[in-house]
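What follows is a single structure, written as structure tokens, with notes after it.
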Amino acid sequence: MEAKQKSQKSCALLQHSFKKSLKMFLKETGLHGLKFVGDSELNIWERSFFLIAFVAALAMTCQLISNIYAKWESTPVIIGISPHATSIRKVPFPAVTVCNMNQFQRSKVLQYKEGSAEYDAMKVLCNPRSERIYHSTEKASSDWDTTVNSSNTLKITDFVKNHSQPCHQMLRYCRFNGHVAPCGEIFRLILTDEGLCCVFNFLPAHFIYKSHQVESMSDIEAVGYQPVPWDPETGYPAKLPKHHYPIPGAGTGITMGFTLVLDAQVSEYYCSSTNGPGFKVLFHNPITTPNVKEEGLVLGIGYETNFRLAVSMSEAVPALRSISRKDRQCVFNGEKELLYHRVYTHNYCERECVAQYLYQACACIPHNYPLIYKNASVCSVKDTECIHQANQPENQQGSARCQKECLPSCIDLTYTADSLYFPLAKRNFKLANRVVSSMNKSYLLENIAVMNLYYRESAYYGSMKNVYIGFTEFLSNIGGVMGLFMGFSVISIAEMLYFLVLKPISELIAWKYGSKKLHKIERSPSKPQLKDDNLVWHTKELYPKGMSSNKMQPRSKNAKILLVKNRNKF
């Protein structure tokens with residue numbers, strides 16, 4: 001019962017203290033209108049008016065703050081133009097992949113008879129499902145049987161390497177940065193979705209892939225050049241050798257660009273990946289595997305084609321890392337580990353997803369997909385039908401979920417080009433290129449294509465991903481709204497905390513401990529009190545040596561000075 005009474009007294013004291021502190025807070029606070037609400041000298045309707053105005057301002061402030069927060073959540077990233085121009089010398093010249101549309105040379109495959117393993121590989125590469133092809137000039141037009149021997153274990157990669165046009169026959173002339181270069185020293189063989197191709201300024205396999213077996217690229221490196229690690233996010237190393245690659249461009253225009261003279265060897269055509277002879281060319285990032293079939297540009301035979309190159313750089317500020325990947329919708333290098341590739345790109349992530357799906361479906365991985373598992377086998381001719389069925393749109397839902405997690409890179413480098421072309425010379429007159437000038441005009445028009453690739457500007461402005469509303473801006477916006485409508489500041493929080501929380505609690509604690517102390521004092525035995533007579537002292541007792549000043553002498557000899565001292569001060 002006594003504990004219950006103490007609890008009720010504590011609640012009553014706390015309530016009383018809170019009301020007193022609230023009145024003091026309303027009187028002293030800097031929030032607009034509240035001091036009028038707490039002013040007891042005003043009428044009730046005047047105080048109600050200011051209370052309603054304060055509540056309305058508070059409601060409007062909450063609404064505006066919710067709008068600011070919604071914008072902060074829905075639009076965390078803004079993309080703008082980079083404020084600084086970047087020289088083309090600070091980024092690599094694009095990797096150039098060139099493919100002959102001829103899948104393999106006629107002189108190398110005519111001896112294979114129907115039913116052989118090589119003949120089945122020819123049927124696979126010539127894509128009989130969509131196009132009619134001619135086996136030879138003696139055989140009439142007919143469709144090839146789409147079925148292949150189920151026991152055919154011939155690797156398509158081996159057949160392509162041995163029967164396609166080699167780079168030294170395709171490339172007749174190469175010039176880069178104003179200097180003629182041996183094509184065989186700067187180009188390497190690479191297997192793509194368009195067959196065997198030649199690639200320039202592409203990093204070696206150990207810079208791009210992990211320790212898995214790499215069958216799609218030759219180990220030949222550019223003679224006289226030392227490869228260095230490069231990616232769009234980190235760029236070139238601080239210290240570079242004199243001759244390194246990927247090589248940057250030296251300037252603008254055709255003279256300082258990249259020139260190729262290509263020989264299609266139309267007489268060696270057996271089947272084309274398109275509807276005619278020619279080449280496909282792709283300009284891509286030096287660490288990105290080329291997807292020539294879907295993205296390649298066409299080079300026509302008998303024409304000189306000029307490609308004017310533009311750099312497109314996507315950048316991101318470091319502060320963007322603090323935002324979750326789901327909200328910023330991009331990935332920094334190192335945030336997502338890939339199975340086969342060292343550097344993350346959106347294309348690599350999606351291709352690995354497809355490779356996982358195809359491996360689960362057919363127990364092998366096609367040669368134009370990354371070998372994501374060490375012990376996985378490369379698909380052979382017998383697996384063609386399974387791969388074809390798995391690649392049907394209705395069956396690709398298995399990789400769709402994986403591909404949804406593949407976000408674009410926050411920092412990436414791409415190249416775009418616009419083209420113009422004109423026919424090569426039909427008559428005999430002196431030409432600018434000595435290799436082209438020395439060729440027979442008939443052969444020139446039927447087999448040769450000339451390509452010029454060059455920068456049109458010496459610097460570029462990339463796109464910059466930045467935090468749209470950072471925490472500082474978010475806090476500033478909220479503070480501006482609250483200050484405008486309510487006169488709110490950080491000190492207002494301290495005032496609320498002190499008057500409405502700390503002060504009532506401290507008074508309650510002081511009352512509890514103070515009452516206990518007082519209770520102890522009341523129960524303690526009192527000291528004996530001194531009588532008033534004991535407090536009457538003679539001056540001789542106070543000043544045994546006498547008074548030094550005349551003014552301090554008593555008026556009469558018999559007079560006495562009585563000093564009375566309070567007992568509490570004694």
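Couple of notes before you dig in:
- With the whole protein complex present, Phe159 retains an accessible surface near 0 Å², based on a 1.4 Å probe.
- Local electrostatic count, Asn368, Cβ distance below 10 Å [Lys/Arg +1, Asp/Glu -1]: 0
- Dividing the Cα radius of gyration of segment 365-475 by 2.2 N^0.38 Å, with N the residue count, gives 1.92.
- Across the alpha-carbon atoms of segment 1-89, the computed radius of gyration and Dmax are 25.3, 89 angstrom.
- The accessible-area ordering, largest first, of the residues Glu294, Glu185 stands as Glu294, Glu185, per a 1.4 angstrom probe.
- Note that segment 461-504 shows a convex hull volume over its alpha carbon atoms of 84 Å³ per residue.
- Kirkwood hydrodynamic radius of segment 318-414, from the reciprocal of the average inverse Cα-Cα distance over all distinct pairs: 14.6 Å.
- The phi torsions of segment 289-298, fed into the Karplus equation with coefficients 6.51, -1.76 and 1.60 and a -60° offset, translate into couplings of 5, x, 10, 5, 4, 8, 10, x, 9, 8 Hz, rounded to whole numbers, with Gly and Pro shown as x.
- Prolate/oblate/rounded label for segment 365-405 (Cα gyration tensor, a/c 1.5): oblate
- 3J(HN,Hα) from dihedral phi, segment 440-452, Karplus parametrisation 6.51/-1.76/1.60, rounded to Hz, x for glycine, proline: 5, 4, 5, 5, 4, 6, 9, 9, 9, 10, 10, 10, 10
- Label point at Lys108 placed 7 Å out along Cα→Cβ; residues across segment 265-300 whose backbone nitrogen lies under 13 Å: 268-271
- Positive-end extreme of charge dipole, segment 279-379 - chosen from Leu309, His341, Pro286 (charges on Cβ): His341
- A 1.4 Å probe, protein heavy atoms only, puts the accessible area of Cys379 near 10 Å².
- Heavy atoms of Ile65 accessible to a 1.4 Å probe, total area in Å² rounded to 10: 40 Å²
The values are calculated or read from the model by the stated rules, or taken from the named source; none is laboratory data. Note that the structure is predicted; figures quoted are calculated from it, not measured. Cβ sites come from the backbone with ideal geometry, for glycine too, and all protein chains shown count toward neighbours. The area values use the complete protein model at the heavy-atom level, side chains included, leaving out ligands, DNA and RNA. Shrake-Rupley method; radii C 1.70, N 1.55, O 1.52, S 1.80 Å.
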